[in-house]
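For reference, the structure is listed below as structure tokens.
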Amino acid sequence: MATPGPLGESEEQIHKVLDQNGQQMNGATGNGAHADVLPGAVAVKGDVEMAQREPSLPPPGTPPAPEPAAAPGAPESDAGETYVSVTYFDILKHFSLMGYIGFGGPAAHIGLFQRYFVERYKWMSEQVFAELFALGQCLPGPTSTQVSFAIGTVKKGVLGGLMSGALFQYPGAVVMTVVGAGAAKWLTNPPGWLEGIVMGLSAVGVALVASATKGMLMKLCNTNVTAIVGTLAAAAAIYWTEPWLYPLCIVIGFIVTNITDRKIDKTLKGSDGGVESLGFGMLGGGILVGLWMAVLIAVLVLARTIYKDGDGPLNWFEVFFRIGSIIYGGGQVVLPMLLTDVVKTDADGNELPNTWVTEQQFYAGLGAVQAMPGPLFNFSAYLGCIMAIKFKYPFILGAVLAWFGLFSPGVMLMFGVLPYWKRFRTWQIYRRGLTGMNAVGVGLILASVFKMTVDVYNLAPHKSAALCIGLFAFTAVDELKIFEPIVVIGGALLGLLSWGAKMH
């Protein structure tokens, strides 16, 4: 909607109005209109600057009007801020980098996106980014992947979203496809030097997550209520791993802050926050959500009727698409579900001859993907290769079916829901609940810091060296602001050094 600027008035007229009403009024100039993609827009920055250059003074003795208080726990208003318009080349340049430095899992990815596209490059406001993060938390699928597609979409539409998401995913996906096709046996008994490098990369990944979590805690858990909500969500995520836990925590966070903030006016204020597109229209979004549902129903029916107990491509796709459609919480939840479906065992836990993947192959690939940049869901490409090779299909067929099966539900839902986000982001109930949902999301990331630290320590061949590498990496990224790719390379070299020096 277009929001017209206030009509200009002379200083004498303003003083006349002030004298009559006894109220303070600030002068404003400009009568242009500013077209916004999203509701809640204000006058463009040029109008604000002109008003600042030619201020209207209140009558002597008039007390200054108090500044309106910001809502607790909410991102700061972006009124008066300007955000850059990007080109497809900008998306290509920046997301190509993200694909190679995105170590550490979804928590680190969200932190990287915030650091680069909100703080450094000003693509969007803190408020818009927090809403995209919350939207990803509320939808099934990998949150960091969904946010990567959403960032490109809100800047350059559907094509921009496909570019940003694909560029972020492909490095890890390609490497894991190659690993599954040719190196799966080698990974079951890796050489010592490779273990050292993986240890160094894993320690850096934990440091990146810790740095990202620190920044998000300070911004999204900055009140007593949100700090408690985030901490309880983290504790629950550490203690339980059931798939229902994550959506339950998000609903509870939504309810809690709707209660505690019920008297706070959280009307959407500020500009469009850098949003220039919502991708598909509402009709297109609805069709996309319907298509996701139709595909899910079709593969579920076929896999349980015509292809029941089969070991072919449709059965593989059904498993990954089904899991991708119901998964909340990222890798910690998806791994047990994948293990149950692809490693076939009898009642005593012994592997069956027709198992799609052996348990040894599963855990070897898991170790490899954790040392790769990009989403943990790239593990699906590795599993698809192994399954295809076992059943005499081209390895690339298995990789494509498994990878698209696991990723596509969450991506389709994000593209489908974004057009409706324009409407419900203005609702008071949503804006009050958003504070709690973001606190829960940060709490789940905080839990991953502790769990990843313990896992990396237990799996490291040189435990004390791994802790030191993580400490150095945290200081380098969080305090010294060293470029992340340099820190990643340094961690790998330190891990190799620890192997060479036999730092047991």
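The values are calculated or read from the model by the stated rules, or taken from the named source; none is laboratory data. The structure presented is a predicted model; accordingly, all values stated were derived computationally and were not measured. Neighbour counts run over all protein chains shown; Cβ positions are idealised from the backbone, glycine included. Ligands, DNA and RNA are excluded from the accessible area calculation, which covers all protein heavy atoms including side chains. Shrake-Rupley method; radii C 1.70, N 1.55, O 1.52, S 1.80 Å.
Just a few scattered comments:
- Residue-normalised accessible area of segment 197-354, given per residue in Å² at a 1.4 Å probe: 47 Å²
- Unit charges on C-beta of K, R, D, E only; dipole of segment 365-504, Debye: 500 debye
- Order of exposure, largest accessible area first, which applies to CYS468, CYS385 with probe 1.4 Å: CYS468, CYS385
- Positive minus negative residues near ASP90 (Lys, Arg vs Asp, Glu; Cβ under 14 Å): +4
- Residues whose placed amide H lies under 5 Å from that of THR345, excluding near-sequence neighbours: LEU352
- Among the listed pairs LYS344/LYS451; LYS122/LYS481; LYS214/LYS422; LYS155/LYS214, a Cα-Cα separation exceeding 23 Å is found for LYS344/LYS451; LYS214/LYS422; LYS155/LYS214.
- Relative frequency of Cα-Cα separations exceeding 13 Å in segment 349-388, percent: 52 percent
- Whole-Å distance, taken between Cα centres, linking segment 397-462 and segment 258-323: 13 Å
- Rounded if a/c under 1.5, otherwise prolate or oblate - segment 87-242, Cα gyration tensor axes: oblate
- For segment 221-325, the dipole from Cβ point charges (+1 on Lys and Arg, -1 on Asp and Glu) about the Cα centre works out to 280 debye, to the nearest 20.
- Percent of alpha-carbon pairs separated by more than 16 Å within segment 141-219: 70 percent
- Across every pair of non-identical alpha carbons in segment 223-322, the mean reciprocal distance, once inverted, gives a Kirkwood radius of 18.3 Å.
- Counting 0.36 nm for each residue step from TYR307 to LYS463 and taking away their Cα separation leaves a gain of 51.4 nm.
- FRET efficiency for ILE287 and LEU397, using Cβ-Cβ distance with R0 set to 22 Å, rounded to 0.05: 0.20
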